[in-house]
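The values are calculated or read from the model by the stated rules, or taken from the named source; none is laboratory data. Note that the structure is a prediction, hence the values are computed from the model and not measured. Here the Cβ positions follow ideal geometry from the backbone for every residue, glycine too, while neighbour counts run over all protein chains shown. In case anyone asks, the SASA skips ligands and DNA or RNA and just uses the protein heavy atoms, side chains included. Shrake-Rupley method; radii C 1.70, N 1.55, O 1.52, S 1.80 Å.
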Amino acid sequence: MAEAAAVQLTGVHATSALGRGAAAQLAGALAGAPAFRPVRRFDTGGRRVDAAATLPEVGDLPDELAESVTEACRAAGLDAARRAGCALLLAVHGGPGVPALAGTLAGWTGLGGPTRVYTTACVSATSAVADAAALIRRGDTDRVVVAAGYLVEADQYALFDAGRALATDGAVRPFSAGRTGLLLGDGVAAVVLESARAARRPLADLLGWARAGDAYHPCQPHPAGRGLARAVGAALGRAGLPAEALGYVNANATGTGHSDAAEAAALRTALGPAAAGVPVSSTKALHGHALEASGLLELVVTVLALRHGKLPVNAGWLGPDPDCPLDVIRDAPRPAATRYALTLNAAFGGANTALLVGAA
């Protein structure tokens, strides 16, 4: 059995092409309709692909981050006094203005504690969550806000297009036969993490977290998913839960061949015989890949789905891939059988993270 939760999620907010706010993320995820559309934000005339999951009416990134932090704090019931000593861990794309952005965002939203910035690609947000949880669990602080943001823009779009990573058929098809790649998506999210003694409005327990690397290749995971398997095993161990307790995995699966197959192998290694019966989907098939912010957006969706008792479909499915023998959720949302779920992320360079949550 899992030990009493020391770390709880008490407030969440997110914006993506599924809509604005937590309720919109849940509704969009359970509707199962992918949000990809032709890009109008910048010129894609010279690109191989012209599709992304973008929200038509969106502000600039600092304003969107400020809205998410403010709304997550409001949802958690944090008044000015409780915000005053609260740390901010921010996950965004790197650049010379990023440290200043963290300080500015903290000032705008009344967070008076220390700030830290994460620019470790697609595990940025989940690395920040793991560090926040560790700070709370060892008693260094009672609350931390984690925020993350990426809005689809021309430079990263061009890089993924030139690298032939983007799906040529305008759809993301995780774990499916016939998948052709990933598609980018807007994602801005914030979560409030608090100690159990300080939390007023618990949404979920953060029971386990872990990071592991495989350093196999600059852009490809180890074919056996060794790093991700270690992260999953360590998260389960920290939570004190057996693999059989899991009721859902929100997979990293981007719809790319090597990555999806390696993740399937990692799950079979880490979960053993239980892997065959754990429902799996990747919500990237709905809201796209938000790069540095993906992990936080997916954590929000996972928590909301667990609380609602329904698990999102794996959109874009065409047929089984023998290299991905998993219980993929298809056709319609599935009832959640337990309160426990994993959300997984992986990044270039062989970085992997696993977060294990339980609905409060």
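At a glance:
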{"read-out": "J(HN,Hα) series, region 321-334, from Karplus relation 6.51 cos²θ - 1.76 cosθ + 1.60, nearest Hz, glycine and proline x", "value": "10, x, 7, 10, x, 10, 8, 6, 6, 10, 6, 7, x, 10"}
{"read-out": "Relative contact order [Cα under 8 Å, 6+ residues apart], region 158-256, whole percent", "value": "33 percent"}
{"read-out": "Nearest-0.05 FRET efficiency for Ala134 and Thr104, computed from C-beta distance (R0 22 Å)", "value": "0.30"}
{"read-out": "Percent RCO, i.e. relative contact order, over region 177-310, from Cα pairs under 8 Å lying at least 6 residues apart", "value": "36 percent"}
{"read-out": "Amide H within-cut-off set for Asp321, under 5 Å, with H built and near neighbours excluded", "value": "Ala177"}
{"read-out": "Relative pair counts by distance (%), Cα atoms of region 52-204, 10 Å bins", "value": "11, 36, 30, 17, 6, 0"}
{"read-out": "Radius of gyration and Dmax over the Cα atoms of region 13-52, both given in Å", "value": "12.7, 37"}
{"read-out": "Cut-off 13 Å between beta-carbons: net charge of the residues surrounding Arg179, Lys and Arg +1, Asp and Glu -1", "value": "-3"}
{"read-out": "Spin-label model distance (nm) - Asp323 vs Ala215, 7 Å beyond Cα toward Cβ", "value": "2.5 nm"}
{"read-out": "Arg330-Asp63 FRET efficiency (beta carbon distance; Förster radius 41 Å; 0.05 resolution)", "value": "0.60"}
{"read-out": "Rounded if a/c under 1.5, otherwise prolate or oblate - region 115-201, Cα gyration tensor axes", "value": "prolate"}
{"read-out": "Whole-number percent relative contact order across the chain, with pairs defined as alpha carbons under 8 Å at least 6 apart", "value": "25 percent"}
{"read-out": "Ala274-Thr119 FRET efficiency (beta carbon distance; Förster radius 30 Å; 0.05 resolution)", "value": "0.30"}
{"read-out": "Within the accessible area of the chain (1.4 Å probe), percent carbon and sulfur", "value": "54 percent"}
{"read-out": "HN-Hα J in Hz across region 45-60 - Karplus 6.51, -1.76, 1.60, θ = phi - 60°, x for Gly and Pro", "value": "x, x, 9, 6, 10, 9, 7, 6, 9, 10, 7, x, 9, 9, x, 6"}
{"read-out": "Most to least packed among 192-200, 42-50, 64-72 [average Cβ atoms within 10 Å]", "value": "64-72, 192-200, 42-50"}
{"read-out": "Per-residue ³J(HN,Hα) for region 343-353, Karplus 6.51 cos²θ - 1.76 cosθ + 1.60, θ = phi - 60°, Hz, x for Gly and Pro", "value": "10, 10, 9, 9, 9, 3, x, x, 8, 9, 9"}
{"read-out": "Spin-label pair Ala31/Ala224, simplified geometry with 7 Å Cα→Cβ offset, distance in nm", "value": "4.4 nm"}
{"read-out": "Antiparallel DSSP beta bridges within the chain, as percent of all bridges there, nearest 5", "value": "70 percent"}
{"read-out": "Around Gly319: net Lys/Arg minus Asp/Glu count, Cβ-Cβ under 11 Å", "value": "+2"}
{"read-out": "5 angstrom amide H check on Val117, placed H, neighbours 5+ away", "value": "Leu90"}
{"read-out": "Sequence-distant residues sharing a close amide H with His289 (under 5 Å, placed H)", "value": "Leu183, Leu184, Gly185"}
{"read-out": "Under the Debye formula (equal points on every Cα, no solvent term), log10 I(q)/I(0) of region 256-309 at q = 0.14, 0.15, 0.24, 0.26 Å⁻¹", "value": "-0.48, -0.55, -1.11, -1.14"}
{"read-out": "Probe 1.4 Å, accessible area per residue of the chain, Å²", "value": "36 Å²"}
{"read-out": "For the chain, projected area of the alpha-carbon convex hull averaged over all directions, nm²", "value": "15.4 nm²"}
{"read-out": "Alpha-carbon Rg with Dmax, taken over region 168-310, Å", "value": "15.6, 50"}
